[in-house]
Structures are given as structure tokens and as C-alpha cells.
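A quick write-up on the structure given underneath.
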Amino acid sequence: MNREVIVACDFDSTSTLLSFLDQFETVKPFVKIGMEMFYAGGPQVVREVKERGHKIFLDLKLHDIPQTVRKTMRVLSNLDVDMTNVHCAGGISMMEAALEGLSRPDGSRPLLIGVTQLTSTSQETLENELLITAPMPEVVAAYAANAHSAGLDGVVCSPLEVQTVHQELGDNFLTVTPGIRFADSAADDQRRITTPDKAYELGSNMIVVGRPITQATDPVAAYNRCVKEFSR
Ligand code: C5P
């Protein structure tokens, strides 16, 4: 099974990101560029990080009408990223449109994954604010099944939901899991969390780790610890 540790580079300027990456001399981590970094640095920051030899997960979580998502993905497919995503809540036709827009003329495309429920969302929020009364694992499984039938490559979910997703949709359907914390680090705003080794045990394909690495006193050591714990 393919396993990757992706570093969520949630910074507000290109210079902060590049100085962060400068600390990694021997390894080139898989980098996640999310909304904060993309809105600050634009497509140029993506090109720059790619030129430095990193794989990129462009985490823009598109969620709009199918036509807008198709056209946006067409533009994004010109950026040489390795993976990008949409919200499954946009529905099957929106996810299909995303895939159409993403496919390049030569037939290649980045991996496309769907966000099921954010790892900061609790069962209480689901019920009281989003008015979704089904239990979280059921909601995630249903959203993942929609992503699978739309032809996506996998989903973003909590490590706690990985086993259900793989059982229902097969081991080749990727599970990308944020909400990762070391046993001795703070949960911050995340709710459905696990440690890297637990995520490995549960069968997570890729873990997305932000603050435990970016805010660490020694980010390279924290990254190496993460890779080690995620390979047991
Ligand atoms: O700092 P932390 O490890 O909490 O970062 C997690 C990253 O994963 C953030 O960039 C966040 O936007 C992203 N993410 C998430 N939960 C999801 C989807 C993405 O935390 N369901």
C-alpha cells in the first residue's frame, strides 16, 4: 500500500513557506498548499515549490455549481500538481464535472479526491448546525461512495473512518487523513484525531500533518518522527 506524509504548509506568505522548506536539506516532503497559501502566493507559489522538486497537494476544496468547478479545474490542470480536491457535498454531478475539467489533452491528470466531512466537525455540529442526523461514520461512508461512483481516486476523511471506507470501496480507493497529532501534542481545533502510528494501523494511505510539524521547534525532526511513526 502506498503511504505518504504530506506537510500542510498553511503559511500567509511565499517567503515564509520557502524559508520553511529551506530547512529540509536531504528530503523533499510532499507539500500541501491550501487556501491561505494559495490566496497569498497565487499560482506562482505552486510553480516555485514544484520547481524545487516537491510533490504538491493543492487543497482548494472546490464546492460550486458543476460548470464553475469544471472550468476552474481546467485552469488548475495547467499547474503541475500531483493531487487536488473538491467537497463531496457538491454532489456527484459536481464531482464528475471536476474530473472532466481536470483531465489534460494528453490523458494525464492529478489525483482527485473528495472531502467528506471536515475533521474539525463533531457529531454535535453535524446534527445541530448542519441538520444531518445520521451518525458521522455513515455520513462519511455515503459521501465516499458518491465520490467513488463519480470516478474520484479517493477521499479526505478522519483516520477513524479509514477502515469503513476501505471495506466498502476497496483498498485502492485512497484515504487521505488530516487530524493527525503526536501523542504529546495539542489537538488545536481538530476533533476527530489520531497519532501517525494509529493512522498507519488503521490503513490510512496519506496523512496530512500541519501544526505538529510547522509549529515545532525543530520541524525537520518532527517531520522525521512523523515518517517513522507512519511506517510501523
Ligand atoms: O495543522 P493541522 O495538522 O490541523 O492541519 C490540517 C490540515 O488539513 C489543514 O490545512 C486543514 O485545512 C486540512 N484539512 C482538515 N480536515 C479536512 C480536510 C482538510 O484538517 N477534512
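Every number here is computed from the coordinates shown, using simple stated rules; none is lab data. No experiment lies behind these values; they were computed from the predicted model shown. All Cβ positions, even for glycine, are placed from backbone atoms using ideal geometry, and neighbour counts span all protein chains on display.
With an 8 Å Cα cut-off and a minimum separation of 6 or more residues, compute the relative contact order for segment 1-145 in percent.
Numbers: 204 pairs, mean separation 25.3, N = 145.
Answer for segment 1-145 is 17 percent.
Return the single residue from Asp218, Asp106, Asp197 with maximal mean-square fluctuation; model: Gaussian network over the chain, springs between Cα atoms under 10 Å.
Highest fluctuation of the listed residues: Asp106.
As a test of the formula, what do you get for the chain when each DSSP H run with n ≥ 4 contributes -39,500 (n - 2.57) and the sum is divided by the residue count, at 222 nm and rounded to the nearest 500 deg cm²/dmol? Kindly include the intermediate steps, with their values, before the conclusion.
Working: 10 runs with 98 residues, N = 232.
Roughly -12500 deg cm²/dmol at 222 nm, from the helical runs in the chain.
Taking just the alpha-carbon atoms of segment 169-232, what radius of gyration and Dmax come out, in angstrom?
Radius of gyration, then largest Cα-Cα span, for segment 169-232: 11.7, 39 Å.
For Val156, enumerate residues with amide H under 5 Å from its amide H, sequence gap 5+ or separate chain, H modeled in the peptide plane.
Close amide H contacts, sequence-distant or interchain: Gly114, Val115, Thr116, Val176.
Looking only at Cα atoms, what is the convex hull volume of the chain per residue, in Å³? Intermediate results must be reported in sequence, preceding the final value.
Working: hull volume 29.0 nm³, N = 232.
Spread over its residues, the Cα hull of the chain gives 125 Å³ apiece.
Can you compute 3J(HN,Hα) from phi for each residue in segment 61-77, using the Karplus curve 6.51 cos²θ - 1.76 cosθ + 1.60 with θ = phi - 60°, rounded to whole Hz and x for Gly and Pro?
6, 5, 7, 7, 5, x, 4, 5, 5, 4, 5, 5, 5, 4, 5, 5, 5
Select from segment 85-135 those GluC sites (Glu not before Pro) which occupy a DSSP coil region and have at most 16 other Cβ atoms within 10 Å, ordered by residue number. The partial results should precede the final answer.
On the way: sites: Glu96, Glu100, Glu124, Glu127, Glu129; in loops: Glu129.
Passing both the DSSP loop test and the Cβ count: Glu129.
Could you work out, for segment 44-83, what percent of all Cα-Cα pairs fall into each 10 Å distance bin, beginning at 0 Å and stopping at the bin that holds the largest distance?
In whole percents, the pair-distance histogram is 28, 50, 20, 2.
Amide H of Leu60: which non-local residues (sequence gap of 5 or more, or other chain) have their own amide H closer than 5 Å, using H built in the peptide plane?
When sequence neighbours closer than 5 places are left aside, the close amide H contacts are Asn85.
Quick one: Cα convex hull volume of segment 1-114, Å³ per residue?
Numbers: hull volume 12.9 nm³, N = 114.
Taking only Cα atoms, segment 1-114 has a hull volume of 113 Å³ per residue.
Give me the three principal axis extents of segment 125-232 from the C-alpha atoms, as integers in angstrom, largest value leading.
41, 34, 19
How many Å³ per residue does the convex hull of the Cα positions in segment 49-167 occupy?
Working: hull volume 13.9 nm³, N = 119.
Enclosed volume per residue, from the Cα hull, is 117 Å³.
Starting at the first residue of segment 15-32, write each ³J(HN,Hα) from the Karplus equation 6.51 cos²θ - 1.76 cosθ + 1.60 with θ = phi - 60°, in whole Hz, x for Gly and Pro.
5, 5, 4, 5, 5, 4, 5, 4, 5, 8, 8, 9, 10, 10, x, 5, 10, 9
For the chain, set up a Gaussian network in which alpha carbons nearer than 10 Å are linked by springs, and say which option among Thr217, Thr119, Thr164 fluctuates the most.
Highest fluctuation of the listed residues: Thr217.
Quick query: amide H of Lys32 versus all other amide H atoms, modeled in the peptide plane; which residues come in under 5 Å with a sequence gap of 5 or more or a different chain?
Val7, Ala8, Cys9, Phe57
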